[in-house]
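Take a look at the structure below.
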Amino acid sequence: MPPVSPPVVSLVVEPGRYRCIGFFKGAVPRLLLTSLVTLFLVSVLFPLSFASCLAQDLQRRVRLLVNSSSVSPHRGLLASLSVVGVVFGTLLFCASLTPSLIPRTYVVQGVESGFALATGYGFGVGVHWLWQCLELPVLAARWICFGKRITLACLGCIVLVTLWRATVWENSIRSLMEMEPVRGVYSPYVVMISIPLAFVLLMMARAFRSVYGLVDRRLRRILSRRYSYLMGTFLVILAVLTLTTNLVIKPTLRIADRAFLEIDGLVDEGIERPVSALASGSVDSLIDWDVLSRRGKDFVVSGPERGQIAEFIGREAKPPLRVYVGLGCRATAQQRAELALQELIRVGGFERSVLVVANPTGTGWLQPEAVDTIEYLHAGDTAIVTIQYSYLPSWLTLLVDPEGSRDSARVLFETIYGHWRSLPPESRPRLYLHGLSLGAYGSETCADLFTLFEDPIQGAVWSGPPFPSTSWADITKARNADSPVWLPTFRDGRIVRFTARENALKNTGKPWGPMRFVYIQHASDPMTFFSTELLYQRPQWLSGERGPDISPYMSWYPIVTFLQVGFDLPMATSVPAGYGHNLSAASYIDAWIAVTAPVNWSDEETKRLKLLFAENPEAL
C-alpha cells in the first residue's frame, strides 16, 4: 500500500478577530492567548503547514530568481549579497589561513575557512541590520558606490597576500613539529573547498530566514507584530532544533554508536587468548575472554614480558599484572569495579609494590607508553587495574556522556581503595592514579580531599587533561604569577607539578612531599587549551612567553581562533609524539620516575629506556 501523504492545512484566521472581545484587551490575557495559540500551533497546525508553506515560498523564490536572471545577471544571487557581509566574511577567511595549534591538510583548512567565511558574512549582515535598526547615519549614494569599489579592491589585495602567505604559515608549525612541509598548491585547493562550502551554508541560512518570514506572515493574521516576531522566532528555532536533532544528530549518533560497537568487538590479527593464569581473560580468570572488548584484549596480551624486562635491567623481574574489565563484562560500573577487585585479588595485585588505578580514554584505550614504562621502571613488580566505561572516542563521549568517565573512575577507585585501606600499611602496595585525556578528566576527581588526608595515596600521573577538567583548571588558575599557563608552577611544587615535551619537573628546586601529582601537557594541545572564551578574548597561552611548539605567526582573532582550535580537536593526535595530544614515552618516563621514585634506578637506565621506546615505541 503506497504511503498516504498528510493533508495540507492552511492556517487562515480573520485578522483582528480577538480584539473585539473585551477580556483580551489586557497585556496578561493577550500573553495567555499567545501561549495557547503557540501550543496549538506547535502541537497540531504548525507541523502540517510547515512543509506546504516552505514549498510555496521556495516555488515563489525560484520563479523570481529565474525572472530576474533573464532580465539582468547583476540582479541575481551575487547582487543580493551584502557588501558589509562580504567584507567581514573575507576578513575572517583571510584570518583563518593563519596558523593554529595543529598542522592542517588542505581539506581541513578548506572546511574551516568555509565556515569562517560564512560566519563572517553572517556577522557582517547582522552589523548592517543593527545599523539600520538604530537609524544611524549613512553616506551619500555616490560615496557608497565609490567606497564599495575601493573596499573590494583592498579586499582582493588582502586575499592574494594571505593566499600567498598561507603556505609559509602552515609550514611554520610543521617545521616545529618535524613534519613534511606542504607544497605550493595548498592555497588553491583551500579556495576550491571553502567557497562552495560557504555558499551552501549561506543558502541554508537564507532558507532559515525564508521559513521565519513565512511563519511571521501567518502569525500576523492573529497576533500583533510584536508578538508575531517573538512567536515566529520561537517556532522556527524549535522546528530547526527538532528537525536537526531527529534527522541529523540522532541518526548520526546511532550510526556512530553501531560502528564503534562493531569496532569494539573486533580482535586485532595475532591476538589470542592468554595462557598465563595471571592474565585477565585466561581460563583461570574471572573475566570471560569472549566478552572482553578489543581494547581490553590488546591491553592484557601486550606490554613487556618478564624476560624482556629482566634483560633490559640486568636483574630479576616479575611478570607485570594487568586487570581489565570490559564494558560487556557486567551491566553497571559498580559491578565491573567489583569484578576488577576480585580479579585483582586473585592474581595477587595487592602483593605487588606498585598498584595503579587507571582510567582509560573514551574507547577504553590505555596508551602503551604510559603503562609499559612504569612496568620497566619497577622491574615488573606492578599491577594495573582499569574498567571500560565507553567504546566511543573521547571527543564524542564528551558530547554524549561527559560524566561517564568520572562516575566510572570514582566507583573503581572507591572499590579498590576500600580494600587497600583494609590492608596493613607496611605490606600493602603504593597506590597511584593514572588517566589520559578523558581518563584524566575522570581520574583527577575520583578521590576527595578528605579521603586523601585520612589515608593518603602516593600520587598520580595525568596526561593531556581536556579543557573541562575542573581540578586542572583550578590549579592552573591559581598558578604562580611568574609561570606561563602552558607550563604552570603551583606554589612550592611539593604536591603538584607540570611537565611537557622537555622535562620540567626539576625546575622548582624544591623536594617532593609525601603525595606527588604530575600533569603532562603540551602547549600545542587543543584538547587542553580549547575554550569558548576564544570567541571574544585573547587566551593567555598567546600572551607573553609562548610554548616551544606554537607557531610565532599564530595570533588571536575574534571568532576565527575559536573556529581554528575547534577544528584542531579531531586532529589533535595526527602529529608526532611529543606534540598536540600525542604524548611521548619520554614524558611518561620522567613523570613516573618523579612520582613513584623507583629503587635501584639510575640516570643511565633512564636514557637507555627512553632510547628503547624511541626506537621501538611498543617496547619490543
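The values are calculated or read from the model by the stated rules, or taken from the named source; none is laboratory data. Here the structure is a predicted model, which means the values were calculated and not measured. Cβ sites come from the backbone with ideal geometry, for glycine too, and all protein chains shown count toward neighbours. For accessibility, only protein heavy atoms count, side chains too; no ligands or nucleic acids. Shrake-Rupley method; radii C 1.70, N 1.55, O 1.52, S 1.80 Å.
When V575 is tested against (1) part of a loop (DSSP other than H, G, I, E, B); (2) in contact (Cβ under 8 Å) with a residue 40 or more places away in the chain; (3) more than 21 Å from P466 (Cα to Cα), just one condition goes unmet, and that condition is (3).
Considering only helices (runs of 4 or more DSSP H) fully contained in the range 214-328, which possess at least 1 residues that are within 32 Å of the chain's Cα centre (by Cα)? Even if it seems obvious, please write down each step before you answer.
On the way: elements: 225-244, 250-265, 294-301, 306-313.
Ranges flagged: 225-244, 250-265, 294-301.
For the range 369-404, a tally of residues being assigned to a helix (DSSP H, G or I), over 28 Å from R315 (Cβ atoms) and of a type in the set (F, W, Y) returns 1. Within the range 124-173, the set of residues being outside any helix (DSSP H, G or I) and surrounded by fewer than 10 Cβ atoms within 10 Å (Cβ to Cβ) comprises L134, E135, L136, P137, A140. Among the residues in the range 492-507, are any crowded, with 23+ Cβ neighbours inside 10 Å and modelled with pLDDT under 95? No; the residues of the range 492-507 include none that is crowded, with 23+ Cβ neighbours inside 10 Å and modelled with pLDDT under 95.
From the residues in the range 508-518 that are under 19 Å from S463 (Cβ atoms) and assigned to a loop (DSSP other than H, G, I, E, B), which one is least open to solvent (accessible area, probe 1.4 Å)?
Filtering the range 508-518 down to residues under 19 Å from S463 (Cβ atoms) leaves 512, 515-518.
Keeping just the survivors that are assigned to a loop (DSSP other than H, G, I, E, B) gives 512, 515.
Values: W512: 45, M515: 29 Å².
Only one residue fits best here, namely M515.
Residue pairs whose Cβ atoms lie under 9 Å apart, separated by 6 or more positions or on different chains, with the first residue in the range 468-494 and farther than 26 Å from L398 by Cα and the second aliphatic (A, V, I, L, M) and loosely packed, with under 12 Cβ neighbours inside 10 Å, are F490/A478; R491/A478. Among the residues of the range 552-568, those that are in a helix (DSSP H, G or I) and open to solvent by less than 40 Å² (accessible area, probe 1.4 Å) comprise V560, T561, L563, Q564, V565, G566, D568. Against the conditions (1) basic (K, R); (2) in contact with a strand residue (DSSP E or B) (Cβ under 8 Å, 6 or more places away or on another chain); (3) open to solvent by 20 Å² or more (accessible area, probe 1.4 Å), R315 satisfies every one except (2).
Of everything in the range 419-452 that is open to solvent by less than 40 Å² (accessible area, probe 1.4 Å) and free of Cβ contacts under 8 Å to residues at least 60 places away in the same chain, the residue that is nearest to the chain's Cα centre (by Cα) is Y441.
All conditions but one from (1) surrounded by fewer than 21 Cβ atoms within 10 Å (Cβ to Cβ); (2) acidic (D, E); (3) in contact (Cβ under 8 Å) with a residue 12 or more places away in the chain apply to E533; the one that does not is (3). Annotation: G404 fulfils all but one of (1) more than 30 Å from R254 (Cα to Cα); (2) modelled with pLDDT under 95; the unmet one is (1).
When you scan the range 215-231, do you find a residue that is under 30 Å from W365 (Cβ atoms) and either open to solvent by less than 90 Å² (accessible area, probe 1.4 Å) or not assigned by the TED database to the domain that holds Y324 (or both), even just one?
Initially, the range 215-231 is screened for residues under 30 Å from W365 (Cβ atoms), giving none.
Among the residues of the range 215-231, not one is under 30 Å from W365 (Cβ atoms) and either open to solvent by less than 90 Å² (accessible area, probe 1.4 Å) or not assigned by the TED database to the domain that holds Y324 (or both), which makes the answer no.
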